[in-house]
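Some notes on the structure that comes next.
The values are calculated or read from the model by the stated rules, or taken from the named source; none is laboratory data. On a predicted model such as this, the values are computed, not experimentally measured, just so you know. Please note: Cβ atoms are built from the backbone with ideal geometry, for glycine as well, and neighbour counts cover all protein chains shown. Just the protein is used for accessible areas: all its heavy atoms, side chains included, with ligands, DNA and RNA removed. Shrake-Rupley method; radii C 1.70, N 1.55, O 1.52, S 1.80 Å.
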Amino acid sequence: MSETLKIGLVSISDRASTGVYEDKGIPALQDWLGRALASPWECVPRLIADEQAEIENTLIELVDREQCHLVLTTGGTGPAPRDVTPEATLAVADKEMPGFGEEMRRISLNFVPTAILSRQVAVIRKQALIINLPGQPKAIQETLEGVRHPDGSVRHVGIFAAVPYCIDLIGGPYCETNAAVIQAFRPKSAQRPARPN
């Protein structure tokens, strides 16, 4: 009965988009989402170069024409001259959601001091949440899922815990997660009964 969550996946890399090396961002995102989501979803992948106009056009296409509810980008968020993903994302935004970027940097600082150099942002455009993720598959999983103790218990909750409720608030489909990967948080008033298996 649940509406399918439509997710745009955008890997931003000059070299991967021209075939110099294989893109690892989209496969990493597809793998993680396949483990994390417990309700119907589909993805719309795009592999593009680090060009601000191309990034802006891709984000507009995924939200306005493809009707994605969530768009996850990977790559292009550092301080180098070609890293323009945050600028492109902010250029197409209706609202900025600064908590996502703050939390991604805080999570990544558990692993590398250079996390402070990352410039990821998240925004709302129309009915969609757009989040800039790191470029490396390991860092993508860490920021989405969080930090765990050696026994597997959660030490620092990942950002995806807040994504389903955000999608609810902007008019998207009710999305459920696999609690063993990431427990989605909603206020009690926004929770629905669990679906039977």
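Do any GluC sites (Glu not before Pro) in region 1-105 lie in a loop, going by DSSP, with at most 12 other beta-carbon atoms within 10 Å of their beta carbon, and if so which?
The qualifying sites are GLU3, GLU22.
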Given +1 on the Cβ of Lys and Arg, -1 on the Cβ of Asp and Glu, and no further charges, what dipole in debye does the chain carry about its Cα centre, rounded to the nearest 20?
-> 660
Go ahead and estimate [θ] at 222 nm for the chain from helices alone: -39,500 (n - 2.57) per DSSP H run with n ≥ 4, summed, over the residue count, rounded to 500.
-> -8000 deg cm²/dmol
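Could you give me D for region 115-168, from Stokes-Einstein at 4 °C and 1.567 mPa s, where the hydrodynamic radius is the Kirkwood radius over C-alpha pairs? Units µm² s⁻¹, please.
On the way: Rh = 12.5 Å.
D, rounded to a whole number, is 104 µm²/s.
Quick one: accessible area per residue over the chain, 1.4 Å probe, rounded to a whole number of Å²?
Here the per-residue accessible area is 49 Å².
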Residue-ordered couplings for region 90-96, obtained by feeding phi - 60° into the Karplus form 6.51 cos²θ - 1.76 cosθ + 1.60 and rounding to whole Hz (Gly and Pro as x), are 5, 5, 9, 7, 8, 9, 8
Taking the chain as a Gaussian network, Cα atoms linked when under 10 Å apart, which of TYR174, TYR165, TYR21 shows the biggest mean-square fluctuation?
-> TYR21
Straight-distance crosslink candidates among lysines, where the alpha carbon sits under 18 Å from LYS95 and sequence neighbours closer than 8 are dropped = LYS126
Most to least accessible of ARG105, ARG186 (protein chains only, probe 1.4 Å) = ARG105, ARG186
Within region 5-30, whose backbone N sits under 19 Å from a point 7 Å along Cα→Cβ of GLN52?
-> 12-14
Return P(r) of region 78-161 (all Cα-Cα pairs; 5 Å bins starting at 0; whole %; ordered from short to long distances).
-> 3, 15, 25, 24, 18, 10, 4, 2, 0
Evaluated over region 1-63, the Cα radius of gyration and Dmax, each in Å | 13.2, 43
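Could you please state how large a percent of the accessible area of region 22-155 is carbon and sulfur, counting protein chains only and using a 1.4 Å probe? Display every interim value, and only then the final one.
Values: 3290 of 6140 Å².
Carbon with sulfur: 54 percent of the solvent-accessible area.
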Spatially proximal aspartates and glutamates relative to LYS188 (Cα-Cα < 15 Å; intrachain offsets below 8 disregarded) = ASP168, GLU176
With all protein chains present and a 1.4 Å probe, the order of THR4, THR177 from largest accessible area down is THR4, THR177
Could you grab the Rg to Rh ratio for the chain? Cα atoms only, Kirkwood for Rh.
-> 0.95
Relative contact order as a percentage, the chain, C-alpha pairs under 8 Å and 6+ apart, gives 22
Would you list, by chain and number, the lysines whose Cα falls below 17 Å from the Cα of LYS24, excluding same-chain residues fewer than 8 positions away?
-> LYS138
Please give the residues of region 120-162, grouped as numeric ranges, whose backbone N is less than 18 Å from a label point set 7 Å along the Cα-to-Cβ vector of GLN183.
-> 144-162
